[in-house]
């Protein structure tokens, strides 16, 4: 029984401490006060992600002549399609959901279908 519990605990911690998860979707809301984004995921549903000062923001095809450039939180706008690498941290207080943190955000500036 102890071995089974230990194995389950190890497996759970491995999943929770995974390197990163890919999230794709459209920005539904930008909350400047706490630097979070609400994303309409292509996988279904909405998800909030936290943007930290060291989050890398890349803007594909947004520069002059369609070149890539580095962005800031102010460049993230409602309706932008993004790909983000996120990871789940541990919640500060027990029994509260942890908001995933964005390691890298990549937005696309090309013309949209509609």
Query - Subset tally (residues that are part of a strand (DSSP E or B) and in contact (Cβ under 8 Å) with a residue 60 or more places away in the chain) for region 73-103 - result: 7
Report summary line: Those residues of region 15-67 which are exposed (fewer than 15 other Cβ atoms within 10 Å of the Cβ), touching a residue at least 60 places away in the same chain (Cβ under 8 Å) and in a loop (DSSP other than H, G, I, E, B) amount to 18, 19
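Every number in this text was worked out from the coordinates using simple rules, so none of it is lab data. In this text the structure is predicted, and so the values were computed from the model without any measurement. Neighbour counts are summed over all protein chains in view; Cβ atoms, including those assigned to glycine, are modelled from backbone coordinates with ideal geometry.
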